[in-house]
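Worksheet: the structure to be examined is printed underneath.
Quick note: the coordinates plus some simple rules give every number you see, no bench work behind them. Everything quoted here is computed from the prediction, not taken from an experiment. Every residue, glycine as well, gets a Cβ built from its backbone with ideal geometry; the counts of neighbours run over all protein chains shown.
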Amino acid sequence: MATNVQVQGACDSRFERVRQSFEGSFASGEVGAALAVTLDGEPVVDLWGGYADAARTRPWQRDTIVNVYSTTKGMTAICAHRLVEQGRLDLDAAVARYWPEFAQAGKDQVPVRHLLSHQAGLAPVAPPITVEHLYDWHFMTSTLAAQAPAWKPGTQHGYHALTFGYLVGELVRRVDGRSLGRYFREEIAKPLEVDFHIGLDEHDDARCADMIPAPPPPQGAADVFVNAAKNPESLAGRVFGNPRLDPRQVNTRGWRGAEIPAANGHGDARGLARIYGALACNGDLDGVHILGPDAINRATTEQAFGTDAVLAPLHTRFGLGFFLTQPMIPFGPNPRAFGHPGAGGSIAFADPDARLGFAYVMNQMQQGLSGDARGFSLIFDVYNALN
């Protein structure tokens, strides 16, 4: 384990304890990571350290970016809500109004909001697929359009781990004409000057950190991936086992270059904190409009809370594309906080009450889908510094 990692970056003096905690994480197994916090839209923490590879030969630099898995979903949701705000997409309209092929297999009346709130019943992909199929947008969207839901849409909710991005992304494409990755780049990333990509250009590979698989869970510990592998015919087994994704595959050009808007966003903590910091400040920052207050309130109104059909017995609480703060995923102490975690440990969120944006990203994965002790500990330290 690295015990002498030099953490770099800037940190407001009142967050010195946060810096110390972040620095101490490298003595506990962290390989490479970055942490950023904004208050009132201004950066107060911007730290990074460690290494971008398992062999610890490439130092984590200021411009290092990393795959953040499902933390990507929050960025995808923002794209859809911009279209809703503009009156181009109706949350209560049938998906088939915009995507006619989606009406197959009895889905003609499924409303748009069910795609965003994980209630559509399309969490698993029905036919067996390979990881390479995930790189083929037309294949994935046409397959999902043709298949029947795993449950009656709207009757329960279950985490759409990979399919969320194709479903919401295809809606964006049908309404706007641009792919989800291009829409995000042109409408959000470039205007706000953030380093976040859904579909990474090859020239950025050199500064991309490699993801490092999580160690196996302790004997007897509950783990959704282990349970899914043991029960491949279960709903969780079909969601997480088709395809079976080896974390090392996310270090390939195929994964990085594809648009997988539920799982393959690449970026830094600085950019994620800036985006969520804008949303925490009524949706505008430095003259750039992301979403207005009404759109933010609409996006973060609770749609589903309780036992998750995919992650059972775990409970999840969803707005429209965002996790809402809850005991399993506490985005600090304030009730209106919202955001998204990613498999292995990344986490980013907005807290409108504190006018705070937070993001933590890393390459050494830990077990779990919803963040882990590293990120939650840093969140706790941030709020302690505010008191």
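Taking neighbour Cβ counts within 10 Å as the exposure measure, how do 208, 79 sort from fewest upward?
Ranking 208, 79 by Cβ neighbours within 10 Å, fewest first, gives 208, 79.
List the longest stretch of the chain that has no exposed loop site; here a site is one of the GluC sites (Glu not before Pro) assigned by DSSP to anything other than H, G, I, E or B, with at most 11 other Cβ within 10 Å.
1-192
Let me check the size of segment 196-285 from its C-alpha atoms; what are the radius of gyration and Dmax in Å?
16.8, 48
Would you mind computing the Rg to Rh ratio of segment 215-349 from its alpha-carbon coordinates, Kirkwood style for Rh?
1.00
Sorted from largest to smallest, which semi-axis lengths in Å does the alpha carbon gyration tensor of segment 1-129 give for its equivalent ellipsoid, taking the root of 5 times each eigenvalue?
Working from the Cα gyration tensor, I get semi-axes of 42, 20, 11 Å.
List the equivalent ellipsoid semi-axes of segment 46-95 in whole Å, largest first, each obtained as the square root of 5λ for an eigenvalue λ of the Cα gyration tensor.
So the equivalent ellipsoid measures 39, 11, 6 Å along its semi-axes.
Please identify every one of the trypsin sites (Lys or Arg not before Pro) in segment 6-82 that sits in a loop by DSSP and has no more than 16 other beta carbons within 10 Å of its own beta carbon.
56, 62
Apply the Karplus curve 6.51 cos²θ - 1.76 cosθ + 1.60, θ = phi - 60°, to the phi angles in segment 291-301 and return the couplings in whole Hz, x for Gly and Pro.
Each residue's phi maps through the Karplus curve to give 8, x, x, 5, 5, 5, 4, 5, 5, 10, 7 Hz.
In deg cm²/dmol, rounded to 500, what helix-only [θ] at 222 nm does the chain give when every DSSP H run of at least 4 residues adds -39500 (n - 2.57) and the total is split over its residues?
Value at 222 nm, helices only: -8000 deg cm²/dmol.
Over all distinct alpha-carbon pairs, what is the Kirkwood Rh of the chain in angstrom?
Computed over the chain, the radius equals 20.6 Å.
Using the 10 angstrom Cβ neighbour count as an exposure proxy, how do 141, 72 rank, fewest first?
Listed from fewest to most nearby Cβ atoms, that is 141, 72.
Which whole-number percent is the relative contact order of the chain (Cα, under 8 Å, 6+ apart)?
Result for the chain is 24 percent.
Just the number: Rg to Rh for segment 76-180, Cα atoms, Kirkwood Rh, two decimals.
0.93
Could you tell me the distance between the Cα centroids of segment 328-387 and segment 53-82, to the nearest Å?
So the two Cα centres are separated by 15 Å.
Using the 10 angstrom Cβ neighbour count as an exposure proxy, how do 336, 113 rank, fewest first?
Starting with the residue having the fewest Cβ neighbours, the order is 336, 113.
Which residues' amide hydrogens lie under 5 Å from the amide hydrogen of residue 363, considering only partners 5 or more residues apart or on another chain, with H built in the peptide plane?
31, 32
How big is the gap, in Å, between the Cα center of segment 127-164 and the Cα center of segment 277-310?
Rounded to whole Å, the Cα centres lie 25 Å apart.
Translational diffusion coefficient of segment 116-239 at 37 °C, 0.692 mPa s, Stokes-Einstein with Kirkwood Rh over Cα pairs, in µm²/s as a whole number.
So the translational diffusion coefficient is about 193 µm²/s.
Output ³J(HN,Hα) for segment 12-23: one whole-Hz value per residue in order, computed from phi by the Karplus curve 6.51 cos²θ - 1.76 cosθ + 1.60 with θ = phi - 60°, and x for Gly and Pro.
Working through the residues one at a time gives 4, 4, 6, 9, 4, 5, 5, 4, 4, 5, 4, 4 Hz.
Among the lysines, which have Cα under 24 Å from the Cα of residue 152 when same-chain residues fewer than 8 positions away are ignored?
Partners within reach: 73, 107.
Calculate how steeply helix 72-85 sits against the longest principal axis of the alpha-carbon atoms of the chain, using the helix alpha-carbon long axis, and give the answer as 0 to 90 degrees to the nearest 10.
60 degrees
HN-Hα J couplings of segment 136-152 from phi, Karplus 6.51/-1.76/1.60, θ = phi - 60°, integer Hz, Gly and Pro as x?
Result, ordered by residue: 9, 4, 4, 4, 5, 6, 5, 5, 5, 5, 7, 8, 7, x, 6, 8, 5 Hz.
Among 189, 164, 330, which residue has its Cα furthest toward the positive end of the charge dipole of the chain, with +1 on Lys/Arg Cβ and -1 on Asp/Glu Cβ?
After comparing all options, I get 164.
Quick one: among 118, 133, 266, which has the greatest mean-square fluctuation in a GNM of the chain with alpha-carbon springs under 10 angstrom?
Result for the chain, Cα springs under 10 Å: 133 fluctuates most.
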